[in-house]
Each structure stands twice: as C-alpha cells, then as structure tokens.
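The values are calculated or read from the model by the stated rules, or taken from the named source; none is laboratory data. Computed from a predicted structure; not experimentally measured. Note that we place each Cβ from the backbone using ideal geometry, even for glycine, and neighbour counts take in every protein chain shown. Surface areas here come from the heavy atoms of the whole protein model, side chains and all, with no ligands, DNA or RNA. Shrake-Rupley method; radii C 1.70, N 1.55, O 1.52, S 1.80 Å.
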Amino acid sequence: MSTTPVGYGQRVVIGLVLAVALVACSATPMRTDVAGAADPALAVFIDSIRAVDNHSHVNSVAAADSDADALPLDGIAFELPVPLRADSPRWRLAYGALYQDSSADTSAAHLAARRAVMQKRIAATGDSFPTWVIDRTGTEVQLANRIAMGPGLPSPRFRWVSYVDALLLPLSNRAEAATTADRVKLYPLEEKLLKRYLADLHVARLPATLDAYVTTVVTPTLEAQRKAGCVAIKYEAGYLRALDFADAPEGSARAVYARYIAGGVPTHAEYKLLQDYLFKVIAREAGRLQMAVHIHALEGFGNGYVASGSDPLLLEATFNDPTLHGTNFVILHGGGVFASHTQAMLWKPNVYADLSMMTLAYTPSELAVVLRSWLSQFPEKVLFGSDAVGLGPDMGWEILAWTAAHNAREALGVALTGMMRQGDITPARAREIATMVMRTNASRLYQLGLK
C-alpha cells in the first residue's frame, strides 16, 4: 500500500469525514448502487496512491525550453473538444489546488492577477518547481517525453522518454511532407532532430549504406539515450504516416536506402518499406536495451490529422512479430476512439495501454466506461498517464497534470465501484487494481522498484 502524497492530505481527510458522516446519519446501510458514484472509501484510497505518470510533456525550468517536444504543434490548426477548451470548469479546480484561485471570473484584471500569482510561485520555487507540481498531483514518478532532459527534472522523480521518429527518416521527405498541410510543417522538425542526433554522435554526414546507418547512427543513438537514463522511446508516427508497419525484406530496404541517400525523392511505397524495416530494427534494439516502445494512438491533433492511421489494430503485425517479443510496447492515449481495438491488442503478451490525454479530452464518466472494460480483462496492462503539456501562458503543463490526475482517479473510482457493485471484484481487489493502474504496473514495466 502506498503512502499519502503531499497535496492530497486535505482531500483525503475531507473524504473520510464525508464517508463517516454519511454512514452515521443513516439508519440503514448506505446505498452502493448510485449510478456514476464512486464508493467514498475507495475514492479516499485512490487519492492516497502515489502515482507513476506514464506520459507527459513536462517543461524544464530552462528559458524557452526548446527540448520540450520533437513535434510541437505551434502553427498547426486543430479543433479542441469541450473538456480541453479554455472555459472548461475543471481547469478551475486545478487553479484552486495549485494557486488558491478557483474563481470563474474571466475578466482581464482577474486573469492578470492570477498570472502574477502563478509567476510568483514559479519564481519562489525556482529549479524545484516541477517537483513542487508533481508533489501536488500525487505523483511520485513522472515520465517526461523530451528531446533531452533539462534543469529542474531530477531523477528518480523524473524519467526520460526520448523521441525516435527522426531515425526513420534519413531520405528526402519532400513527397511525404506534401501529403497534408500539417505534415508540411512537421517533417522539417524531424529533419532538424536527425541532424541533432548526428551532431551528438559527431557524424558529419549520413552513411552511404543502410548497414552503416544502423551501426553508426541508429544503435549508438539508442545506446546513448539509454545510458543517459532513458526508460522508453516514443513514436509520434501517427502525425507523419499510418501505423501499419509491415515486414520489409532487408535486401529491399538496403536497395531503397542506397538508391536515394545521395539524392532524389523516394516514392511513398519505397520510403514506407525503408521506414517499416527501420521501425523493427529500432524496436528490437529497444528491447535489447530494456527500453519500452511508446506509440501515439489517438484521433488527434491537427485538422489534417489522419485518424484512421492511428488505429491500434494496424500494429497487430508488429505485436505478432516473433523477433519483437522481447520488446514491450505501450499504446499511448489508449487509442482514443479506438479503445476497444486497444483492448484487443492487450491480449498480446508484451502490449500495455495508458490513459494519457483521455484523462483530459474525455470526461471522467466517459473514461470510466473504457476503464471498466479494460480492467475486466487485463488490469495488469493498464497505466495511468496525463499527457500534461503547456497550452499557453495561463495554462502551463502543471494545470493539465493536476487535472489529468484528478480526472483519472475519479474515473478509476467509478469504474471499480461499478465492478464491485456487480460482484465482479471485492473491495480488496478494487484497491489492488487501483494501485496497479496508478503505480505498480508502471513500476514493474520500467523496473522502478516501487511498492
């Protein structure tokens, strides 16, 4: 059983008082079949769990923090669902918890005053601001998706997840980028990152052969990331192409690389073949180095985003590949609208799923439906995640981190309570599953040693 996190103590006490009061004021046992309500005692327990956040975009305290994301969506147009819009009332809970301001006042004067309070807190905590935040979200370990870690993100509280899409793209990306308006802006960012990886290795130019590219660029990059503390690698491939990574003959991949490495633009079929080959090379290397492979699977973001290309079922050939059974995969964001397809993939022995972004873009009641289905079959494969990311000067990553943790705990309580009411699990098993989802599943996957 985990200990009570900083920042949740008051909520735990309030929950206990409420539970006792409800029982004391009733002459009959408290009803447990109220639709959508979590068992109060279970909710208190879930709030006490020190979590592992499987997926976030935490900012360091560096000015501008240019290492925060490989594919920042600046300049990409996209629609936001209601829970992510600036007027969502759930943000006020986070402002209240972190900055003691839960007012609904949206006047310019009030927003300016609140911004001043936020900036004062950031200045007062200095390098410890990220740690201050996760203490208040009830998080013990935060996995940070970043190009590189930075100041204010100390291990073991923060663990690194690197980006590797750039390693799939050694050839001209001109034709691939032209397929959507979003990709025109995103592919150059991957090209920039690949140049950085080459510079980090002191490699002046891309090797002439595919074998040399793998041995002098791909493997050394992954080994250096692992040595620097990386626990997983991240693919944002859904923004760039479909997730249908197929078997690709090594000889054919070598031929494509050799044909275009000195110039020219590969066809889509040719480039896909090379990417498919490199994807599996990288996944095998990740398994060897004991790094999990995270894969973005969600219906957004971007008005030109191809949602059908992010269906987790497209990954089935990858998960079935016997050469990849030593690699653990995590379907990020639970597949979003394809959550049932994600559940089908959880039957694979080395596949996990996290809740990130669904903890923000979905209401807790919607997320509870997904959770109940997953937990009825594979509770040991489900991971809490936030996808906390900064959305502007008034909504930093800390606001999303607190909201996601709050929503996830609420949804988990509702899902497990429903299972208890149906007699599917006991209260003891509900507490055990809650701890698994919020903490110990991730600890086991990343060998964090948490109890």
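Which loop trypsin sites (Lys or Arg not before Pro) in segment 246-297, with loop taken from DSSP, have no more than 15 other Cβ atoms within 10 angstrom of their Cβ?
Of the trypsin sites (Lys or Arg not before Pro), not one in the loops of segment 246-297 has a Cβ with at most 15 other Cβ atoms within 10 Å.
Could you tell me the relative contact order of segment 177-325? Use alpha-carbon pairs under 8 Å, at least six residues apart, and round to a whole percent.
Relative contact order comes out at 30 percent.
Identify all lysines with a Cα-Cα distance to residue 348 below 16 Å; exclude those on the same chain that are fewer than 8 residues away in sequence.
381
So, in Å, what gap is there between the alpha-carbon centers of segment 99-150 and segment 361-414?
Using only Cα atoms to place each centre, the spacing works out to 19 Å.
Cβ neighbours within 10 Å, averaged per peptide: list 315-323, 377-385 in order, most packed at the top.
Listed from highest to lowest mean packing, they are 377-385, 315-323.
Tell me, what is a quarter of the convex hull surface for the C-alpha atoms of segment 290-361, in nm² with one decimal?
Dividing the Cα hull surface by four gives the mean projection, 4.9 nm².
Please report, in Å, the Rg and the Dmax of the chain, where both are computed over Cα atoms only.
Cα only, the chain: 22.6, 82 Å (Rg, Dmax).
Mind ordering 36-42, 232-238, 58-64, 104-110 by average Cβ neighbours within 10 Å, highest first?
Put in order of decreasing packing, that is 232-238, 36-42, 58-64, 104-110.
Hey, got the dipole for the chain? About the Cα centre, +1 on K and R Cβ, -1 on D and E Cβ, debye to the nearest 20?
780
What residues have an amide H closer than 5 Å to that of residue 139, excluding those fewer than 5 places away on the same chain, when H is modeled at 1.01 Å from N in the peptide plane?
Under 5 Å from the amide H of residue 139 lie the amide H atoms of 51, each far enough along the sequence or on another chain.
Could you tell me which residue out of 443, 396, 426 lies farthest along the dipole of segment 376-451 toward its positive end? Charges go on the beta carbon: Lys and Arg +1, Asp and Glu -1, centred on the Cα centre.
Going by the charge dipole, the pick is 426.
Normalising by the residue count of the chain, find the relative contact order in percent from Cα pairs under 8 Å and 6+ residues apart.
Result for the chain is 20 percent.
Could you please state how large a percent of the accessible area of the chain is carbon and sulfur, counting protein chains only and using a 1.4 Å probe?
Here it works out to 59 percent.
Taking amide H positions as placed in the peptide plane 1.01 Å from N, state which residues far from residue 158 in sequence (5 or more) or on other chains have amide H under 5 Å from it.
142
Top to bottom by accessible area (1.4 Å), largest first, where do 268, 202, 57 land?
Largest accessible area first, the list is 202, 268, 57.
How compact and how long is segment 199-281, expressed as Rg and Dmax of its alpha-carbon atoms in Å?
13.7, 37
For the chain, what is the mean residue ellipticity at 222 nm derived from helices alone (per DSSP H run of n ≥ 4: -39500 (n - 2.57); sum divided by total residues; nearest 500 deg cm²/dmol)?
Roughly -13000 deg cm²/dmol at 222 nm, from the helical runs in the chain.
Going toward the positive end of the dipole of the chain, with +1 on Lys and Arg Cβ and -1 on Asp and Glu Cβ, which of 153, 413, 367 do you reach last?
The Cα lying farthest towards the positive end belongs to 153.
Within a Cβ distance under 11 Å of residue 122, other residues only, what is the Lys/Arg minus Asp/Glu net charge?
+1
Using a cut-off of 15 Å between beta-carbons, work out the net charge of the residues near residue 110 (Lys and Arg +1, Asp and Glu -1, residue 110 not included).
The answer is -1.
Mind ranking 205, 409 by accessible surface for me, highest first, 1.4 Å probe?
205, 409
With every protein chain present, what accessible area does residue 340 have (1.4 Å probe, heavy atoms only), rounded to the nearest 10 Å²?
Only protein atoms counted, so the area is about 80 Å².
Report P(r) for segment 270-428: all Cα-Cα distances, bin width 10 Å, range 0 to the bin holding the largest distance, values in whole percent.
11, 34, 34, 18, 3, 0
Any chance you could list P(r) for segment 387-430, counting all Cα-Cα pairs in 10 angstrom bins from zero, rounded to whole %?
The calculated distribution, bin by bin, is 28, 30, 21, 17, 4.
With a sphere of radius 15 Å drawn around the Cβ of residue 430, what net charge do the other residues whose Cβ falls strictly inside it have (Lys, Arg +1; Asp, Glu -1)?
In short, 0.
Hey, can you find the accessible area per residue of the chain for me, probe 1.4 Å, expressed in square angstrom?
41
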